[in-house]
Amino acid sequence: MTPHPLAGTRVLITRDAERSAEWAEQVAALGMAPIILTCVRALPRIPDETRVALKDALRSAQWVLFTSARAVETVARAGVTLARGVRIAAVGNATADAVRQWSAAKPFVAHGGTSAALGDELLELWGAAVMGMQVVVIGVEGGRDDAERVLVRAGALVTRVDVYRTIAAAPAPHRRDLGREGIDAVLLASPSAVTGLLNQADVGADTRCFTIGPTTSAAARAAGLMVAGEAKTPNLEGLLEAMQCTIGA
């Protein structure tokens with residue numbers, strides 16, 4: 001069997017503990033060496049008032065847009081259900097998989113795999129029916145709003161409800177030296193992960209960071225990190241593709 005082009009690469013995974021473990025398993029299966037440094041933790045954000053706001057918004061919703069798998073999981077844990085006939089859209093395959101595990105609905109998935117692509121593709125799907133379309137967007141606090149901005153400009157009636165937020169890991173008393181650990185690549189999946197990484201590790205100017213999308217890239221560059229590649233789709237597969245173009249070429 002031909003080894004994967006990235007086999008042997010030492011990859012630092014900076015997500016929350018649960019997601020990092022999932023990614024580490026997939027990375028190790030390809031022959032890479034995953035190293036986990038938990039740089040963020042996710043906090044479900046559904047207090048009573050948010051749950052009420054979400055249920056109120058969903059009463060008149062024709063479409064519900066989920067921006068992440070965690071958003072779906074948070075809503076499912078809160079016991080929120082959708083009325084019969086409400087359509088669901090998802091940013092990316094991971095989010096769509098979470099929808100399928102929670103609901104019998106078949107989600108519309110953006111081929112482009114981004115929030116902006118989802119907005120554009122829904123406009124194409126809806127055509128003139130976008131005017132007055134009742135849409136609820138469910139996501140993370142501070143997350144990208146490309147889809148809703150596109151839809152609002154076209155005449156949709158959009159309500160956004162953020163159901164969780166991410167918090168960067170606190171500064172560590174003893175920071176890790178990534179150069180000394182021989183890290184070949186750092187995977188960053190959110191601006192919070194950028195902050196958490198710098199709170200816990202010394203990152204050299206030549207350390208190659210790979211980001212999950214434009215918002216994370218902007219945060220990494222603002223923090224002085226070298227962004228060696230950005231995922232075309234916001235998932236692990238997109239990150240590995242970006243790594244292969246740089247490291248495995």
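The values are calculated or read from the model by the stated rules, or taken from the named source; none is laboratory data. This structure is a prediction, so every number in the text was calculated from the model and none was measured. Glycine also receives a Cβ, built like all others from the backbone with ideal geometry; neighbour counts cover every protein chain displayed.
The table below gives the values:
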| read-out | value |
| --- | --- |
| Test: ARG160 is surrounded by fewer than 19 Cβ atoms within 10 Å (Cβ to Cβ) and assigned by TED's automatic domain parsing to the domain that holds LEU123 | yes |
| Qualifying residue in the range 93-110 (condition: of a type outside the set (Asp, Glu), surrounded by 13 or more Cβ atoms within 10 Å (Cβ to Cβ), touching a Pro at 6+ places or on another chain (Cβ under 6 Å) and not in a strand (DSSP E or B)) | yes |
| Unmet requirement for VAL137, which otherwise passes all of (1) assigned to a helix (DSSP H, G or I); (2) surrounded by 14 or more Cβ atoms within 10 Å (Cβ to Cβ); (3) at pLDDT 90 or above | (1) |
| Meets criteria (more than 19 Å from the chain's Cα centre (by Cα) and closer than 25 Å to GLU237 by Cβ) for ARG176 | no |
| Matching residues, the range 117-133, being under 13 Å from ALA89 (Cα atoms) and surrounded by 15 or more Cβ atoms within 10 Å (Cβ to Cβ) | ALA117, LEU118, GLY119, ASP120, GLU121, LEU122, LEU123, TRP126 |
| Matching entry among ALA105, ALA57, ALA78, ALA69 (being under 20 Å from GLY238 (Cα atoms) and not assigned by TED's automatic domain parsing to the domain that holds ALA201) | ALA69 |
| Residue list for the range 42-92, restricted to those being modelled with pLDDT of 85 or more, exposed (fewer than 14 other Cβ atoms within 10 Å of the Cβ) and among the charged types (D, E, K, R) | LYS55, ASP56, ARG59, ARG77, ARG84 |
| Selection status of GLY238, crowded, with 21+ Cβ neighbours inside 10 Å, under 22 Å from ARG144 (Cα atoms) and touching a Lys or Arg at 6+ places or on another chain (Cβ under 7 Å) | yes |
| Any pair with Cβ under 7 angstrom, 6 or more apart, that starts in the range 205-217 at a residue that is at pLDDT 90 or above and ends at one that is in a loop (DSSP other than H, G, I, E, B) and β-branched (Val, Ile, Thr) | THR207/ILE183 |
| Residues that are assigned to a loop (DSSP other than H, G, I, E, B), surrounded by 13 or more Cβ atoms within 10 Å (Cβ to Cβ) and not basic (Lys, Arg), drawn from the range 140-154 | GLY142, GLY143, ASP145, ALA154 |
| Lone unmet requirement of (1) part of a helix (DSSP H, G or I); (2) of a type in the set (A, V, I, L, M, F, W, C); (3) within 26 Å of MET243 (Cβ to Cβ) for ALA128 | (3) |
| Top-ranked residue of the range 212-249 - restricted to ones that are among the acidic types (Asp, Glu) and in a helix (DSSP H, G or I), ranked as nearest to PRO3 (Cα to Cα) | GLU241 |
| Any hit, the range 178-192, residues being part of a loop (DSSP other than H, G, I, E, B), free of Cβ contacts under 8 Å to residues at least 60 places away in the same chain and either surrounded by fewer than 19 Cβ atoms within 10 Å (Cβ to Cβ) or polar (S, T, N, Q) (or both) | yes |
